[in-house]
Amino acid sequence: MIQEEAQRRSRLQTIREAGINPYPSKAQRNETVMSFLGGFETLNKNGTVVILSGRIRAIRKHGGLTFVNLQDETGNLQVVLMKDSFGEEAYAWFHNVMDVGDFVQVTGSTFVTKKEESSLQAQNVILLTKSLLPLPEKWHGLSDVEVRYRKRYLDLLANPSINNIFRIRALIVKTMREYLDRNGFVEVETPVLQMIPGGASAKPFITHHEALHQDMYLRIAPELFLKRCIVGGFERVYEVARCFRNEGVDHAHNPEFTQIEGYLAYADYQELMTFLERMVVEVIESCGLDPKAVPFQGDVLDFSTPWERITFRDAVLKYAQIDIEDYHSRDEFAAIAIKLGVPVDKSDGQMTIVDNIYKHFVRPNVLQPTFIHDHPVEISPLAKRKESDPRYAEMFQLIFGKGQENMKAYSELNDPIDQEARFAEQDQARKGGDENAQFGDLDFVEALKYGMPPTAGFGIGIDRLTALLTDSHSIKEVILFPALRQQMEE
């Protein structure tokens, strides 16, 4: 590659010495050409001269003919340089200075070859950008996963299917926005820098604001601010939120991720199940998939509604063969967890242990889309208690694909006294060593004291949903620039 770069730098010097700018600021472009391939027949029929811009992906010389593969984001087109008509001097200049990877502007007329290949006979070629390094084709494609993630720009160039993943991701977000907008939601923005990180149980990132002389946190969720909007009179709000959690990195977790979070006044979690089922099905269909047969990691998932529903207690009973109501203290839960092979840390509280049992036995065994609902209230500090059994919260999660968790929703706790007490419990857990315990937010408690109507809220991970609908094993495949360990300089 070093030798290749040296050769290209030499060509760059030749271009500069000729008084040509190898990096001009603007390219002329025929705006009537929507695609190299689409609309070609009409252009050819009319004998139109067009101006196209793109990247050279291949150069093949055959005597007095040179075939150039020109590409932009809409497709590819063969450009033909005929030495006799293009001009001997210009033809030689092209081969002396142009390389695969260069961006060029081509003026020419359309025609069809004897092999019926749509082509453009070049009349003039102008250099727009000189590339100094060879494209991945020189390395026979780009397949090393680590290199693909670190140099995503090369991944997009070498693997067209990767480009499509991010188009699907954009379509997923667009469809969800349209669904929520159509159902009366208002999109809002809330702070990423927060005095108190709230809305989820996770370890936050800490930063420092110089002008205010105080530490601040990157948000772990937009929840408490979105619920302040409900207090303030909005009845349906949502945000496409970039969130940050100082946690481990694996195929299902990235320290920064995107979720769409929304709140509906005068609704509960049962209504939300049906509402979100319809939204996910609409998203699946927008991606050209059949909701009844979504391929994912060798399995076929059936997202036709209604999805299966099972309580947290019954799910643990089914897969771990224990009834969580048979145990009444942290020590009892710790003993049964250890017996079941679930690790227990000395700082783990009772419900953290229960939740770990659930994560160890239930999630890996659920294949088809399933709502796990009615979680213990201690692990749902922002959810409303069930009136029929206050030990449990009106909460649900969507589980599918043997361990994928992609949605969390619940009837929001709007009792300020209960909320204040649960924040106090979380504070105690954090002081006891639980770094994931939530911070108490007294300003939010004060907001609740002004009154928040019955409300249901949800959060859906965009990264994991995209991984599902593109059949990707790791969310690193669906995040353009995932977090990676810094490489040490050699």
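Derivation of every value follows stated rules applied to the coordinates shown; laboratory data play no part. What you see is a predicted model; the values in this text were computed from it and never measured. All Cβ positions, glycine included, derive from the backbone under ideal geometry; neighbour counts span all protein chains shown.
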Under a plain spin-label model, where a point goes 7 Å from the Cα along Cα-to-Cβ, how far apart in nm are residue 418 and residue 292? 4.1 nm
R0 of 25 Å, Cβ-Cβ distance residue 153-residue 74: FRET efficiency to nearest 0.05: 0.85
For the range 2-134, take the alpha-carbon Rg, divide it by the Kirkwood Rh, and send me Rg/Rh. 0.96
The chain, relative contact order in percent, only Cα pairs under 8 angstrom and at least six apart counted: 13 percent
Net charge, residue 311 excluded, C-beta distance under 13 Å - Lys, Arg +1, Asp, Glu -1: -2
Considering every pair of different Cα atoms, what Kirkwood radius, in Å, is found for the range 237-357? 18.2 Å
So, relative contact order of the range 225-343 in percent, Cα under 8 Å, 6 or more apart, is 13 percent
Relative contact order computed over the range 111-193 (Cα-Cα under 8 Å; 6+ residues apart), in percent: 14 percent
Which cross-chain or sequence-distant (5 or more) residues have an amide H under 5 Å from the amide H of residue 383, H modelled 1.01 Å from N in plane? 413
Where the centroid of each part is defined by its Cα atoms, how far is the range 48-106 from the range 253-328 in Å? 52 Å
Helical mean residue ellipticity (222 nm; -39500 (n - 2.57) per DSSP H run of 4+; nearest 500) of the chain: -10000 deg cm²/dmol
In Å, the C-alpha Rg and Dmax of the chain are 28.9, 91
Computed over the Cα atoms of the range 343-490, what is the ratio Rg over Rh, Rh following Kirkwood? 1.03
Only bridges with both residues in the range 74-148 count here: give the DSSP antiparallel percent, nearest 5. 75 percent
What FRET efficiency comes out for the pair residue 181/residue 212, r = Cβ-Cβ distance, R0 = 45 Å, nearest 0.05? 0.80
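Report the full-extension gain for the segment residue 473 to residue 325: residue separation times 0.36 nm, less the Cα-Cα distance, to one decimal in nm.
The span from residue 473 to residue 325 would gain 49.7 nm if fully extended.
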In vacuum, with every alpha carbon of the range 406-447 counted as one equal point scatterer, what does the Debye formula give for log10 I(q)/I(0) at q = 0.30, 0.33, 0.35 Å⁻¹? Two decimals, please. -0.99, -1.04, -1.09
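If you take every residue apart from residue 63 with its C-beta less than 12 Å away from the C-beta of residue 63, what net charge results, scoring Lys and Arg +1 and Asp and Glu -1?
With Lys, Arg at +1 and Asp, Glu at -1, the neighbours total +2.
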Filtered hits (lysines, Cα-Cα < 23 Å from residue 130, offset >= 8 within chain) -> 26, 61, 83, 138, 151
